[in-house]
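Please treat every number below as a calculation from the coordinates, not as lab data. Worth saying up front: this structure is predicted, and the values here are computed from it rather than measured. Heads up, the Cβs are rebuilt from the backbone with ideal geometry, glycines too, and the neighbour counts pull from every protein chain shown.
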Amino acid sequence: EAGVAQSPRYKIIEKRQSVAFWCNPISGHATLYWYQQILGQGPKLLIQFQNNGVVDDSQLPKDRFSAERLKGVDSTLKIQPAKLEDSAVYLCASSAQGVVETQYFGPGTRLLVL
Amino acid sequence: AQSVTQLGSHVSVSEGALVLLRCNYSSSVPPYLFWYVQYPNQGLQLLLKYTTGATLVKGINGFEAEFKKSETSFHLTKPSAHMSDAAEYFCAVMRGGSNYKLTFGKGTLLTVNP
C-alpha cells in the first residue's frame, strides 16, 4: 500500500513570495490533515478535511494560508505572502473514516523563508 | 482545553539500557493517547495508541506504554535500547468529540550511545 505522498520535499523562498504544497493521501482515506511543525515543537494542526469539506480550520492563519481538497482526494496548501515565521516543516496526514483512526503521515515539505 | 507535557526535551541512554520517555496530559475527559516516532527527514510513524480497555499498551519495535488515569500519565518504555531507536518521540492526546483532533507535545529527542 502506497503511503502519503508530498511534494516538493524542500522549498526555499523569500519573504512575501507565495508557495504551494501538494499532498496525495492513502487511497480511500476520507480524512486529510495539514500540520505545521516548527523546529523544536510538535506538529500543530492547521486544517482538517473530511472528504472535500473542511472540518476544522481554527488554527489556519486565513489571511495568508489557504487549502483545498478538490474531489476529496489530493490537497494543496498555499501560503501567500510568506513570512519569516512560516519557516517550518509542513506535514500532511490521512486517516480512514471512523472513530480514533490512526493518522498516517507523509515525509513533509521543509520550507525556509529568507 | 487539552495539553501534553513531555518531560525532558532530550534523553540519552546507553545501548541495552532501559528507555523511559515521560508524558503527562491534561484533559477534562479521559482522552485517547498516542506515541509517534519521527526519524530524521521523515514523517511521523505511530508506535502505539490507547483508546479503551487494557491500560498497558504494546506497540511496535518493543515499545510499550501504560495509561495511568490517577497520574494523568502515559509514559513510554522499552526494556533495552537499540541504536536504531535514536529518533524524536512525540506524545499526543485526542479528545473524543473534538473532531478527533491530535494535540502533540513538544517531543523528546532520544539518543542511544554505544
Whichever aspartates and glutamates have a C-alpha closer than 12 Å to that of A:LYS44, once near sequence neighbours (fewer than 8 apart) are set aside = A:ASP57
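Which semi-axes, in whole Å and largest first, does the equivalent ellipsoid of the stretch B:1-62 have when worked out from the alpha carbon gyration tensor as the square roots of 5 times its eigenvalues? Mind showing how you got there, number by number?
On the way: eigenvalues 97, 46, 37 Å².
They are 22, 15, 14 Å, listed from largest to smallest.
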Averaged over A:49-62, how many beta carbons belonging to a partner chain fall within 10 Å of each residue's beta carbon?
-> 1
Could you work out the mean count of beta carbons from other protein chains within 10 Å of each residue's beta carbon in A:83-91?
-> 1
Across 10 Å bins from the origin, how do the percents of Cα pairs in the protein assembly as shown run, short distances first?
-> 8, 33, 35, 20, 5, 0
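Taking Cα pairs under 8 Å and at least six residues apart, what relative contact order does chain B come out at, in percent? Spell out each step's value before the answer.
On the way: 288 pairs, mean separation 42.3, N = 114.
Result for chain B is 37 percent.
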Assuming R0 = 25 Å, what is the FRET efficiency of B:THR5 and B:ASN41, from their Cβ-Cβ distance, to the nearest 0.05?
-> 0.40
Which one of A:ASN24, A:GLN48, A:GLN37 has its Cα pushed farthest toward the positive end of the charge dipole of the stretch A:1-72, where Lys and Arg give +1 and Asp and Glu give -1 at the Cβ?
-> A:GLN37
Ignore the peptide's own chain and count Cβ atoms of other chains within 10 Å of each Cβ in B:85-91; give me the average, rounded.
-> 1
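Hey, which of these cross-link pairs are over 31 Å Cα-Cα: B:LYS68/B:LYS106; A:LYS11/B:LYS49; A:LYS62/B:LYS69; A:LYS62/B:LYS101? Don't skip to the end; give the middle numbers.
Values: B:LYS68/B:LYS106 21 Å; A:LYS11/B:LYS49 33 Å; A:LYS62/B:LYS69 37 Å; A:LYS62/B:LYS101 19 Å.
Beyond 31 Å: A:LYS11/B:LYS49; A:LYS62/B:LYS69.
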